[in-house]
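Data block below; observations after.
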Amino acid sequence: MPSLDHTIVHSTDRFASAQFLADLLDAPAPKAYGPFAAVKMDNGVTLDYAEHVASGQEFVPTHYAFLVTEAEFDAILARIEARQLPYWAEPLHRGAQQINTRDGGRGLYVDDPDGHYMEFLTRTYSEEMLAGL
């Protein structure tokens, strides 16, 4: 079965945005790769941050979800709280400074410097929950 290799994340400052994510994940610093600042995930997928340079056009914030362990979630939440970043239990900024407990796991959303919705969750969504969407 095919698997995702990389995706491009539009940004206003590729290294600042890539470093924001790397810091939250406690991942290695982003690496320059051509016009990108690349953040490599443990599963081999790379998020390639690129500065959006289209003349006069803005990019639409996108949602990125990261499946993490319980220990990683605790560490990410601690880093978010240490930086006094706003976070939410639900999409669209609902449940300020709260986490969700869907499917017996935990999750939260935080905006990156460019407004992308970064979600961290400890359990992938179940078939029953997805059927209700």
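The values are calculated or read from the model by the stated rules, or taken from the named source; none is laboratory data. Quick caveat, the model's predicted, so the values are computed rather than measured. Note: ideal-geometry Cβ built from the backbone for every residue, glycine included; neighbour counts use all protein chains shown. Side chains included, ligands, DNA and RNA excluded: accessible areas come from the protein's heavy atoms. Shrake-Rupley method; radii C 1.70, N 1.55, O 1.52, S 1.80 Å.
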Next item on the list: Kindly list, by first and then second residue, each pair from a residue in the stretch 110-130 that is assigned to a helix (DSSP H, G or I) to a residue that is open to solvent by 20 Å² or more (accessible area, probe 1.4 Å) and at pLDDT below 95, limited to pairs with Cβ atoms under 7 Å and residues at least 6 apart or on different chains.
Entry: Met129/Arg102; Met129/Asp103
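Considering Pro61, Pro86, Pro28, which residue is in contact with a Gly (Cβ under 9 Å, 6 or more places away or on another chain) and in a loop (DSSP other than H, G, I, E, B)?
Values: Pro86 fails: in contact with a Gly (Cβ under 9 Å, 6 or more places away or on another chain); Pro28 fails: in contact with a Gly (Cβ under 9 Å, 6 or more places away or on another chain).
Step by step, each of Pro61, Pro86, Pro28 is checked, and only Pro61 is in contact with a Gly (Cβ under 9 Å, 6 or more places away or on another chain) and in a loop (DSSP other than H, G, I, E, B).
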Notebook entry, point to check: In the stretch 92-102, what residues are under 17 Å from the mean Cα position of the chain (by Cα) and open to solvent by less than 50 Å² (accessible area, probe 1.4 Å)?
Noted result: Asn100
Notebook entry, point to check: Among the listed residues Ala37, Ala89, which satisfies the condition of being among the aliphatic types (A, V, I, L, M), open to solvent by less than 20 Å² (accessible area, probe 1.4 Å), touching a helix residue (DSSP H, G or I) at 6+ places or on another chain (Cβ under 6 Å) and at pLDDT 95 or above?
Noted result: Ala37
Item checked: Subset of the stretch 35-48 that is of a type in the set (A, V, I, L, M, F, W, C) and part of a loop (DSSP other than H, G, I, E, B) - its residue that is nearest to Glu119 (Cα to Cα) -> Met41
Note to self: Filter the stretch 1-17 down to the residues that are under 13 Å from the mean Cα position of the chain (by Cα) and either assigned to a loop (DSSP other than H, G, I, E, B) or closer than 21 Å to Leu77 by Cβ (or both) and list them by number.
What the structure shows: Ser17
Notebook entry, point to check: Given the conditions (1) open to solvent by 20 Å² or more (accessible area, probe 1.4 Å); (2) over 22 Å from Glu58 (Cβ atoms), and given that Gly105 satisfies all but one, which numbered condition is not satisfied?
Noted result: (1)
Item checked: the stretch 49-82 - residue that is buried (at least 16 other Cβ atoms within 10 Å of the Cβ) and β-branched (Val, Ile, Thr) and, of those, nearest to Pro113 (Cα to Cα) -> Ile80
Note to self: Return the residues of the stretch 13-34 that are crowded, with 17+ Cβ neighbours inside 10 Å and closer than 11 Å to Asp114 by Cα; say none if nothing qualifies.
What the structure shows: Arg14, Ser17, Ala18, Phe20
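Residues are listed down the side, and each one gets a yes or a no for (1) open to solvent by 30 Å² or more (accessible area, probe 1.4 Å); (2) under 15 Å from the mean Cα position of the chain (by Cα); (3) at pLDDT 95 or above:
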position: Asn43; (1), (2), (3): yes, yes, no
position: Leu47; (1), (2), (3): no, yes, yes
position: Leu85; (1), (2), (3): yes, yes, yes
position: Asp111; (1), (2), (3): yes, yes, yes
position: Thr124; (1), (2), (3): yes, yes, no
